[in-house]
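So the structure is just underneath, and the comments pick up after that.
Where a number appears in this text, it was derived from the coordinates with a stated rule and is not lab data. Quantities reported herein were computed from a predicted structural model and do not represent experimental measurements. All Cβ positions, even for glycine, are placed from backbone atoms using ideal geometry, and neighbour counts span all protein chains on display.
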Amino acid sequence: MRSPTRWLPNLLATDSRYRLAGWLFVRVLAIVYFAAFLSTALEITGLVGEHGILPAGEHLQRLRDAAGAAAWVRFPTLFWIVHSDAALLAVSYAGCAFAVLLLLGWRPTLSLVVLFALYLSLFKVGQIFFNFQWEYLLLEAGFLAIFIGGGPSRLLVFLFHWLLFRLRFLSGLAKLHSDDPSWAGLTTLNHYFETQPLPHIGAWYAHQLPDWLLRAGTGLTLFVELLVPFFIFLPRPFRLFAAAATILIQLLIIATSNHNFINLLTIALCLFLLDDAALRRLLPRRLAPDSAPHRPALARLALLPLVAALIVPTSLYAAWEYFGSGQRLAWDHPVNWVRGWGLGNVYHIFPTMQVERHELTIQGSHDAKAWQSYRFRYKPNAADERPPFIVPLHPRLDWMIWFIAPQNPAMRAWFDRFMWRLQQDAPAVTGLLAHNPFADRPPRHLRVLVHRYRFTSAAERRRSGRIWHVDYLGEFPRVPPRRP
């Protein structure tokens, strides 16, 4: 067996095959960070501000009561110091500023450290509004990027490969694990474009495709998620194929879905499959970074092996917990201490598929006779409304409304608080909407109507000009919940 004093320096040495890939990855990551922080800045005070839906101060107090002094380490966030609306906005806009500095190449390691700390802080007070797969992916990718320095080491490239593998393979495995009949019957794409949380107009066009092509697309998705990820660890031709197949799927998703920044970040991770030789054939020569060799940074030499020793076992154990044991680990389990810093997570994108779209319309009234509707910024509001393209922004309130229709009790707490804030006419919360019909005086009564939305056919759209066909189902929650 070779001594660690021989193979460890080789693992920590800069991998010259990925110097350009690492340089480009950091620039794309800067764009993703900017989109994530800007999306947060636009909504954060309404979501978790002092007069928001789920105030950060109340959340931090609950964490302090549960964990005591350990809460500062178990739930790392700068908002332990101050969690005012001004602090929430300052951190969000500071993230935007440092993302621009990173894009311009200003002190990249420092910028990456600051960006990770700021986003982790927001993530920890964001509660259910930040409980999305792409938040975890951005945290882990952003943390690993800190170690790129003058070029990624072989160990760091492996950790990026490991992250991409987990994202893709576990998402595919989750689809099989869920026993969802639409995945087994290859009918997922017959419903997906219509029922996804925030479709844009590209989804309407995709929904018109013939059945055989939609079924083929479902099969391609499973192939790219279940088999192609293993190509990541095979020789170069397989890695290039894995990159091409994964990037193709991500571009198709962008063309048909508003999935915020996750697809762009996934494409960025594929850069570590393409390597510099492939990238130089695709990119202008002027984009090439300084090719002079750099001495590995001390942080890489000292900390990266420890990071790998934490991420790999944690991610394996977390995957076993999710797919194997079926038991959730206690919040103070060592694995969850690591995951508490945004590392070693399990990814399971769209394990089940909805077959109907239920849209909620919130209305208010002063006399319970004349009702007026609140309008959201991005989710469908009317049958003839053209759904907008908003990639890579992530409007969290509009996403979260989509989760109310199944009537999951875990979702009712924040929704009830949202309705309460609307009845108060709280400016921080009504400011999250496109239109508040009660800007002058709060409503005395609120109700929520449920409609079934389905895309019109091409012929129906030509006749009526409408994107959606709408059927009234009843008043929430006195309607059958959407399943699944």
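Assorted remarks:
- Cα long-axis angle, helix 19-48 against the chain (0 to 90 degrees, to the nearest 10): 30 degrees
- 19 Å Cα-Cα reach of residue 124 towards aspartates and glutamates, excluding residues that sit fewer than 8 places from it in its own chain: 43, 50, 58, 65, 85, 135, 140, 332
- Nearby aspartates and glutamates by direct alpha-carbon distance to residue 369 (threshold 16 angstrom, same-chain neighbours under 8 apart not counted): 475
- Integer Hz, Karplus 6.51/-1.76/1.60 couplings in order for segment 354-365, x for Gly and Pro: 6, 9, 9, 9, 10, 9, 9, 10, 8, 10, x, 7
- Put in line by how crowded their Cβ is, counting other Cβ atoms within 10 Å and starting with the fewest, 353, 419 read 419, 353.
- Mean Cα-pair separation over length for segment 45-121, i.e. relative contact order, pairs under 8 Å, 6 or more apart, %: 27 percent
- Separation between Cα centres of segment 376-449 and segment 64-108, rounded to whole Å: 26 Å
- In degrees, nearest ten, helix 271-282 long axis to first principal axis of the chain (Cα): 80 degrees
- Amide H contacts for residue 153 (H built 1.01 Å from N in the peptide plane; partners 5 or more residues away or on another chain; cut-off under 5 Å): 15.
- Order of 306, 89, 170 under a 10 Å beta carbon neighbour criterion, fewest first: 306, 89, 170
- Protection proxy ranking of 453-459, 63-69, 48-54 - average other beta-carbon atoms within 10 Å, highest first: 48-54, 453-459, 63-69
- Whole-Hz ³J(HN,Hα) from phi, Karplus 6.51 cos²θ - 1.76 cosθ + 1.60, for segment 411-416, glycine and proline x: 8, 5, 4, 6, 5, 5
- For residue 357, nonlocal amide neighbours, meaning residues 5 or more places apart or on other chains whose placed amide H falls under 5 Å from its own, are 453.
- Amide H to amide H distances under 5 Å link residue 435 with 375, where only residues 5 or more positions off or on other chains count and H is placed in the peptide plane.
- Contact order normalised by residue count of segment 307-398, Cα under 8 Å, 6+ apart, percent: 19 percent
- Relative contact order for the chain, counting Cα pairs under 8 Å that sit 6 or more residues apart, in percent: 21 percent
- Between the helical axis of 85-103 and the longest alpha-carbon principal axis of the chain there is an angle of about 50 degrees.
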